[in-house]
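One structure is given here, and the rest of the page talks about it.
The values are calculated or read from the model by the stated rules, or taken from the named source; none is laboratory data. Everything numeric here is computed off the predicted structure, so don't read it as measured data. Positions of Cβ are backbone-derived with ideal geometry, glycine not excepted, and every protein chain shown enters the neighbour counts. These accessible areas exclude ligands, DNA and RNA; they are computed on the full protein's heavy atoms, side chains included. Shrake-Rupley method; radii C 1.70, N 1.55, O 1.52, S 1.80 Å.
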Amino acid sequence: MAQQTYDAMVPVMGAYQEKNCCTVVALAAALDWSFGKAHRHMAKHGRKQGKGMYIKDWLPAIKDAARKEGKHFVGRSHIGVGMTLTRFAKTYPTGTYYVQVKRHAICIRDGQLIDWTASTAGRRKIISVFKLEV
């Protein structure tokens with residue numbers, strides 16, 4: 001299966017009339033799920049249409065999603081916290097990470113930011129990092 005890209009999700013997000021869906025986009029990109037599958041999964045975990053989610057809600061949701069794929073997200077409090085997204089992507093050029101910055105979630109996969117803020121978010125400071133592992 002080809003890796004999920006942000007550009008591929010844009011038309012689907014429009015069809016869903018979605019906004020504030022960074023947690024959905026990050027999950028779809030991290031697990032190579034379709035936007036629709038990630039959208040349904042997050043809705044089952046309490047996400048409301050057009051609304052964001054707090055970490056207390058999205059963290060159990062992403063862990064459950066990874067478990068369904070035979071993988072798991074591991075919190076990496078010792079790496080990345082306080083770094084900018086750009087520095088993190090350069091320092092950790094391989095692997096898939098679900099990253100929290102202030103009021104936003106983003107997937108970093110093999111050093112690439114998968115998000116609508118990818119070209120402008122590089123200076124944002126990381127709050128928490130969760131690495132996808134098999």
TODO: Determine if the range 20-32 includes at least one residue that is in contact with a helix residue (DSSP H, G or I) (Cβ under 7 Å, 6 or more places away or on another chain) and exposed (fewer than 15 other Cβ atoms within 10 Å of the Cβ).
DONE: no
Task: MET9 part of a helix (DSSP H, G or I) and not aromatic (Phe, Trp, Tyr) - done: yes
Open item on the list: Just checking: which of the strands (runs of 3 or more DSSP E) contained wholly in the range 41-132 hold 1 or more residues that are in contact with a Leu (Cβ under 8 Å, 6 or more places away or on another chain) and open to solvent by less than 20 Å² (accessible area, probe 1.4 Å)?
Closed with: 72-75, 96-101, 104-109
